[in-house]
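The values are calculated or read from the model by the stated rules, or taken from the named source; none is laboratory data. The model shown is predicted, which means the values in this text are computed figures rather than measured ones. When we count neighbours, we look across all protein chains shown, and the Cβ atoms used for this are built from the backbone with ideal geometry, even at glycine. In case anyone asks, the SASA skips ligands and DNA or RNA and just uses the protein heavy atoms, side chains included. Shrake-Rupley method; radii C 1.70, N 1.55, O 1.52, S 1.80 Å.
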Amino acid sequence: MLRGLGLVLPEGHALQLLWPNGAGKTSLLRALAGFLHVESGDVRWGGRGLREDGSTWTRDIAWLGHELALKGDLTPLENLEFAVGLRRPVDAATLASALTAAGLHPAFHREATRHLSAGQQRRVALARLSLWNARLWLLDEPASNLDAAGQQFVADVVVTHLRGGGSALIATHQALALDGVPHRLSSAAADLA
């Protein structure tokens, strides 16, 4: 249970939560995403409460958690076409380019997603994240199941997002190297009290 937290995350900044297991990282992110009800206090975005203007909030945030929200029977291209298409128009070349940039070889773009490894599936989810144009990213262990190149891709995509004026709140056990952009590390919930 989290109590007494206060957090302001300016544009272009990231906060990495390096809290131990069970300390409430996922709960905090889920509450900020609107998946969990906040018992007291308020979640505000752009000066308005989440309960006042939920549609703006859901448009402006992107969530990447342990469950990747991918359809196993769809290909990576079809997963992106569907998920990104809910937010904005996108063409097939842009989708394929995002998958390739995420490190997914073109041979896998048309394979059923359920046949991909856990790391490859996470790369599909990261490609989706990079195309959503959301202002705030809420990332729960975004580098899990990834090799060193995949972990570097996560850091690179977050840095690009921050340089574009976005913000990111990242729950992780290993800090991402976010060189050249404003970011802060928090080792305990008390850091935000």
Given the condition polar (S, T, N, Q), open to solvent by 20 Å² or more (accessible area, probe 1.4 Å), at pLDDT below 90 and touching a Phe, Trp or Tyr at 6+ places or on another chain (Cβ under 8 Å), answer yes or no: does some residue in region 48-59 qualify?
yes
Can you find a residue that is in contact with a helix residue (DSSP H, G or I) (Cβ under 9 Å, 6 or more places away or on another chain), closer than 22 Å to residue 156 by Cα and part of a loop (DSSP other than H, G, I, E, B) anywhere in region 49-65?
yes
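Just to be sure, is residue 68 aliphatic (A, V, I, L, M) and not in a loop (DSSP other than H, G, I, E, B)?
Values: aliphatic (A, V, I, L, M): yes; not in a loop (DSSP other than H, G, I, E, B): no.
Answer is no for this residue.
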Does residue 182 satisfy being farther than 18 Å from residue 28 by Cβ and touching a His at 6+ places or on another chain (Cβ under 7 Å)?
yes
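Residues in region 66-89: is at least one within 20 Å of residue 26 (Cα to Cα) and open to solvent by less than 70 Å² (accessible area, probe 1.4 Å)? Outline the logic, then answer.
First, the residues of region 66-89 that are within 20 Å of residue 26 (Cα to Cα): 66-70.
Imposing the further condition that a residue be open to solvent by less than 70 Å² (accessible area, probe 1.4 Å) reduces the set to 68, 70.
The answer is yes; a qualifying residue exists.
Just give me the residues in region 129-165 being assigned to a helix (DSSP H, G or I) and open to solvent by less than 10 Å² (accessible area, probe 1.4 Å), in sequence order. Spell out the reasoning first.
Restricting attention to region 129-165, the residues satisfying the condition of being assigned to a helix (DSSP H, G or I) are 129-131, 148-163.
Residues satisfying the conditions are 129, 150, 154, 155, 158, 162.
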Out of 36, 28, I need the residue that is in contact (Cβ under 8 Å) with a residue 40 or more places away in the chain and either part of a loop (DSSP other than H, G, I, E, B) or buried (at least 16 other Cβ atoms within 10 Å of the Cβ) (or both). Which one?
28
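Out of 80, 104, I need the residue that is assigned to a loop (DSSP other than H, G, I, E, B) and either touching a Ser or Thr at 6+ places or on another chain (Cβ under 8 Å) or on the phi < 0 side of the Ramachandran plot (or both). Which one? Before you say what the answer is, go through the steps one by one.
Numbers: 80 fails: assigned to a loop (DSSP other than H, G, I, E, B).
Within the list 80, 104, the selection yields 104.
Quick one: in region 101-112, which of the residues that are of a type in the set (A, V, I, L, M, F, W, C), surrounded by 11 or more Cβ atoms within 10 Å (Cβ to Cβ) and over 19 Å from the mean Cα position of the chain (by Cα) is modelled with the highest pLDDT? Working first, answer last.
So in region 101-112, the residues of a type in the set (A, V, I, L, M, F, W, C) come out as 101-102, 104, 107-108, 112.
Restricting the remaining residues to those that are surrounded by 11 or more Cβ atoms within 10 Å (Cβ to Cβ) gives 101-102, 104, 108, 112.
Those left that are additionally over 19 Å from the mean Cα position of the chain (by Cα): 108, 112.
On the way: 108: 93, 112: 97.
For region 101-112, the residue satisfying everything is 112.
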Scanning region 85-100 residue by residue, the ones that are within 19 Å of the chain's Cα centre (by Cα) and at pLDDT below 95 total 4
